[in-house]
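Take a look at the structure set out below.
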Amino acid sequence: MPHARIESLFEDVLRRNAGEPEFHQAAREVFESLGQVIEKHPQYADASILERLCEPERQIIFRVPWVDDSGHARINRGFRVEFNSALGPYKGGLRFHPSVTLGTVKFLGFEQIFKNALTGLPIGGGKGGSDFDPKGKSELEIMRFCQSFMTELYRHLGEYTDVPAGDIGVGGREIGYLFGQYKRITNRYESGVLTGKGVGWGGSRARTEATGYGAVFFAEQMLATRGESFDGKKVLVSGSGNVALYAIEKVHQLGGTVVACSDSTGVVYDRDGLDFELLQQVKEVERGRLSVYAERRGAASEYRAGGSIWSIADETRIDVALPSATQNELDEADAQVLVKSGVVAVAEGANMPSTPGAVRVFSQGNVLFGPGKAANAGGVATSALEMQQNASRDSWSFEYTEERLAEIMRNIHESCAATAEEYGEPGNYVLGANVSGFTRVADAMLALGVI
Ligand code: GLU
């Protein structure tokens, strides 16, 4: 971090946000890209844009009481960090996972500001969630928790104010319960207050598929800069949640072969390619574990309990990796294995899955690397398309929505590539995404005055 002002600002971020390592990591990564921008445009420093960007506009923390099936009162903590609304209402998902802290939500909210700016759509940045663990909970417990969560959060939301969606642990089912409770409390059918809704009640077609498809579209664009495509490529996709699932489907549609995916307890390795339909049935319909998939798939599949997906690249050549599970899941040593294997492109389907050490290894190894805030922006972009459909009381076809998504991903790729070029580092998508996203938000903040 060569720029002295940025250096001292980062010291402030560390001091003012103690004990939030993921937020520090996300802020450092953006700051490292901004030296030249601050030098070229002193007006950003004069207006303290960076300082203001690091301080959320509002942080809400609340108690979420609920009653479990045995009649015991249970308590979780709820969060919503409304980070920046220079470009539009706060927009970003809710994560329900036992690891969620204020620091997690701040890292995700911070990333979301730049990601949402990159989509070119009118959405600000926010994120929320809870340390609630949906695993092992009954349907009714999930419903009671969601209702209690919304009973507190609803007062901060609105289609022009703050529009949550899903993230890890929050899918269509949870959005349904959250929307139901919002509707009940406010007595308004305000479709645009949440995205990721079911297609039958205000949701957008292709929203479920959008994050995974979008990451593959982004990787496709990166590959095209080297005259390559997914056709015939061997791919690893970590995770097996919503993002991973639809990344797998799209890679297969484009002629590539995904040979492995993972969950928190193990890895499945299918040398001839994963069976998408079976995976979808087990993970999405039955909410089962990957071990169940492997059992049903029989001899075509190898299940490795507790194994690391990236070590598969040690055994066989891997061309593309799409880390789509969670933050910091791919470290420096994993990146070295991938580079040695000959990986050409890595696109992040999850938020910040690669550690800073891993990102360095990819860049030294001349690997095309698409950071999450660019590569996984397709989910939130399609959420903004859902908001458009809700505002006009319209409902678009799958084909039209997917084409809009593909076009948005092409534009994001183009703007990252062009910005990296402009700043003298062609092919550096991290720099391109950070600078391009930052500039859009910073210019709006300048125009809106000190607020
Ligand atoms: N949670 C997703 C993300 O990380 C989607 C957010 C949204 O659709 O608002 O971008």
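The requirement of being within 16 Å of the ligand (Cβ to nearest atom), closer than 21 Å to residue 61 by Cα, more than 22 Å from the chain's Cα centre (by Cα) and not in a loop (DSSP other than H, G, I, E, B) is satisfied by residue 182. The residues of region 222-244 that are part of a helix (DSSP H, G or I) and buried (at least 24 other Cβ atoms within 10 Å of the Cβ), listed by number, are 222, 242, 243, 244.
Can you find a residue that is part of a helix (DSSP H, G or I), basic (Lys, Arg) and within 16 Å of the ligand (Cβ to nearest atom) anywhere in region 84-107?
Restricting attention to region 84-107, the residues satisfying the condition of being part of a helix (DSSP H, G or I) are 102-107.
Applying the additional criterion that residues be basic (Lys, Arg) yields 106.
Subsequent filtering for residues that are within 16 Å of the ligand (Cβ to nearest atom) retains 106.
Taking every residue of region 84-107 in turn, at least one turns out to be part of a helix (DSSP H, G or I), basic (Lys, Arg) and within 16 Å of the ligand (Cβ to nearest atom).
The single residue among 287, 296 that is among the basic types (Lys, Arg) and part of a helix (DSSP H, G or I) turns out to be 296. On the stretch given as region 353-401, residues that are out of contact with any Phe, Trp or Tyr (no Cβ under 9 Å at 6 or more places or on another chain), of a type in the set (D, E, K, R) and within 16 Å of the ligand (Cβ to nearest atom) total 1.
So is residue 38 under 29 Å from the mean Cα position of the chain (by Cα), modelled with pLDDT of 95 or more and on the phi < 0 side of the Ramachandran plot or not? The answer is no for residue 38.
Would you point out which residue out of 136, 129 is more than 15 Å from the ligand (Cβ to nearest atom), among the small types (Gly, Ala, Ser), without any contact (Cβ under 8 Å) to a residue 60 or more places away in the chain and not in a helix (DSSP H, G or I)?
Numbers: 129 fails: more than 15 Å from the ligand (Cβ to nearest atom).
136 is the lone residue from the list that is more than 15 Å from the ligand (Cβ to nearest atom), among the small types (Gly, Ala, Ser), without any contact (Cβ under 8 Å) to a residue 60 or more places away in the chain and not in a helix (DSSP H, G or I).
Here residue 52 meets the list (1) basic (Lys, Arg); (2) farther than 19 Å from residue 154 by Cα; (3) not in a helix (DSSP H, G or I) almost entirely, failing just condition (3). Scanning region 143-190 for residues that are in contact with a Lys or Arg (Cβ under 7 Å, 6 or more places away or on another chain), within 26 Å of residue 241 (Cβ to Cβ) and without any contact (Cβ under 8 Å) to a residue 60 or more places away in the chain yields 175, 179. The set of residues in region 219-245 that are of a type outside the set (Val, Ile, Thr) and touching a Cys at 6+ places or on another chain (Cβ under 9 Å) comprises 236, 238, 239, 240, 244, 245.
Could you tell me whether any residue of region 377-385 is modelled with pLDDT of 95 or more, more than 16 Å from the chain's Cα centre (by Cα), crowded, with 16+ Cβ neighbours inside 10 Å and closer than 30 Å to residue 191 by Cβ? Steps first, please.
Of the residues in region 377-385, the ones modelled with pLDDT of 95 or more are 377-385.
If we keep only those that are more than 16 Å from the chain's Cα centre (by Cα) as well, we get 385.
Remaining after also requiring crowded, with 16+ Cβ neighbours inside 10 Å: 385.
Still in the running and closer than 30 Å to residue 191 by Cβ: 385.
Yes, that holds for at least one residue.
So that you can scan it fast, the table gives a plain yes or no per residue for (1) closer than 23 Å to residue 115 by Cβ; (2) within 23 Å of the chain's Cα centre (by Cα); (3) not acidic (Asp, Glu):
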| position | (1), (2), (3) |
| --- | --- |
| 225 | yes, no, yes |
| 233 | no, no, yes |
| 254 | no, yes, yes |
| 271 | no, no, yes |
| 292 | no, no, yes |
| 316 | no, no, yes |
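Scan region 70-83 for residues that are over 20 Å from residue 53 (Cα atoms) and either surrounded by fewer than 19 Cβ atoms within 10 Å (Cβ to Cβ) or within 13 Å of the ligand (Cβ to nearest atom) (or both) and the total you get is 7.
In the set 280, 327, only one residue is out of contact with any strand residue (DSSP E or B) (no Cβ under 6 Å at 6 or more places or on another chain) and either of a type in the set (Ser, Thr, Tyr) or not in a loop (DSSP other than H, G, I, E, B) (or both); that residue is 280. Filtered by the rule that a residue be in contact (Cβ under 8 Å) with a residue 40 or more places away in the chain and outside any helix (DSSP H, G or I), region 394-421 gives 395, 396, 397. With respect to (1) in contact with a Ser or Thr (Cβ under 8 Å, 6 or more places away or on another chain); (2) outside any loop (DSSP other than H, G, I, E, B); (3) within 16 Å of the ligand (Cβ to nearest atom), the lone exception for residue 350 is condition (2).
The values are calculated or read from the model by the stated rules, or taken from the named source; none is laboratory data. Please read all numbers here as calculations on a predicted model, not as lab measurements. Positions of Cβ are generated from backbone atoms using ideal geometry, with glycine treated the same way; all protein chains shown enter the neighbour counts.
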